[in-house]
Amino acid sequence: MFPSNSVQNRARRHIGPTLALLALVSWIAGPNAGGSGAASLKESGSPSEEVLFTSSQTTLPGKLHPYFLEPSRGGIREVIADKYKKRYQQWKHEFLSTEAGRRQWQVYAHHPHLVLTITVSPNNSHGGKTGGYQWDGSGNMIGATVTLGDRIDQGYPDAVYYPVTNALALLESFGLVSANALAATKIAHELGHVNRTATTGIALYQLQNQLIPVYDSILLVNGYDTLDPRLIELARQMGGIPAEISVEREYWAEANALLYLRERISDKRFQRSLSKKIKENIDLCDTCCGERFLQIAQSQSLLP
Ligand SMILES: [Zn+2]
């Protein structure tokens, strides 16, 4: 999600951001970096069967028909208005030009019980939203909806909450990033939300969503006193203050965006530029620390 939240911004508190830049550079480079990948985000692979990872065998080659799921089966359901199909296919093709993108797409396309709906909307044109989560009686996520803005190939979000996606602006200024790559980064971000929520306990997720508005409403009327015993108790129940929870969620999503980018950027000069910018962005955050982002980024359990 690419929201703005003034309450959370005001509630930020300093924890002491630090970041091991070398570790981040190393991570961005990844174990397979430096190979034959694209030197920059300017180049996208030629059209291929990658696009056909769409949903299921019933999807026609090159088409983007909605995927009508069998009951009790999971998969990806693309509900794209005709006027957005061409650009959506370009964005998707760019995302699927990476192994990270293909791997994630396949997980959801062949998921046994999770139905992932992807749609494009003119609302929040440069951003995206992930929600509509559903769980079954056993606590397994069975539904999620990713809503992409109709112009996610434009616009850069806030540096603090979106240190990776925001950092792409630097590369664009050098003509090194394409609009489709920006869109694919945002797709990866939104799928990162799905990945994380699917692996988060439903009880904690729902408790956080229930209590965050309560916390914010108290904060608005108590003079932004975060030492209010009521807020301390709510934070204890939620596992953090709302700003920390929001950053945590966005960092998981941004870490997934980085999985895509580390494949798309193989030139070490650009890697260094990007990692330097990401470091600068993370250092702007006074709610959380860069080490937390590194922990998330290095996690091996980004997929459900
Ligand atoms: Zn997000």
| Residue count for region 178-215, restricted to those that are within 15 Å of the ligand (Cβ to nearest atom) and not in a helix (DSSP H, G or I) | 1
| query | Filtering region 132-148 down to residues that are more than 12 Å from the chain's Cα centre (by Cα) and in contact (Cβ under 8 Å) with a residue 60 or more places away in the chain, which residue is nearest to the ligand (Cβ to nearest atom)? | reply | 133
| field | Which numbered condition residue 155 misses (of (1) crowded, with 20+ Cβ neighbours inside 10 Å; (2) within 16 Å of the ligand (Cβ to nearest atom); (3) of a type outside the set (Asp, Glu); (4) over 27 Å from residue 109 (Cα atoms)) | value | (1)
| request: Search region 158-176 for residues being surrounded by 15 or more Cβ atoms within 10 Å (Cβ to Cβ) and not hydrophobic (A, V, I, L, M, F, W, C), and hand back the single one that is nearest to residue 204 (Cα to Cα). | output: 161
| note | Of the residues in region 76-113 that are in a loop (DSSP other than H, G, I, E, B) and hydroxyl-bearing (Ser, Thr, Tyr), the one that is surrounded by the most Cβ atoms within 10 Å (Cβ to Cβ) is 97
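If you check residue 241 against the conditions, is it closer than 24 Å to residue 104 by Cα, touching a residue at least 40 places away in the same chain (Cβ under 8 Å) and away from the ligand (no atom under 16 Å from the Cβ)? Step through it out loud before you land on a result.
On the way: closer than 24 Å to residue 104 by Cα: no; touching a residue at least 40 places away in the same chain (Cβ under 8 Å): yes; away from the ligand (no atom under 16 Å from the Cβ): yes.
No, not satisfied.
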| field | Which numbered condition residue 218 misses (of (1) over 22 Å from residue 276 (Cβ atoms); (2) assigned to a helix (DSSP H, G or I); (3) β-branched (Val, Ile, Thr); (4) within 16 Å of the ligand (Cβ to nearest atom)) | value | (4)
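Among the candidates 251, 161, single out the residue that is within 16 Å of the ligand (Cβ to nearest atom) and not in a helix (DSSP H, G or I). Walk me through it before giving the result.
Working: 251 fails: not in a helix (DSSP H, G or I).
After applying the criteria, what remains is 161.
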| request: Determine if region 268-283 includes at least one residue that is under 22 Å from residue 162 (Cα atoms), assigned to a loop (DSSP other than H, G, I, E, B), of a type in the set (Ser, Thr, Tyr) and modelled with pLDDT under 90. | output: no
| remark: Log entry, pairs with first residue in region 194-217 being under 19 Å from residue 108 (Cβ atoms), second being exposed (fewer than 14 other Cβ atoms within 10 Å of the Cβ) and at pLDDT below 90, beta carbons closer than 8 Å, six or more apart or on different chains, reads 199/301; 202/139
| field | Residue count for region 254-267, restricted to those that are within 11 Å of the ligand (Cβ to nearest atom) and modelled with pLDDT under 90 | value | 0
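The values are calculated or read from the model by the stated rules, or taken from the named source; none is laboratory data. If you're wondering where the values come from, they're calculated on a predicted model, not measured in any experiment. Cβ coordinates were reconstructed from backbone atoms using ideal geometry, including for glycine residues, and neighbour counts include every protein chain displayed.
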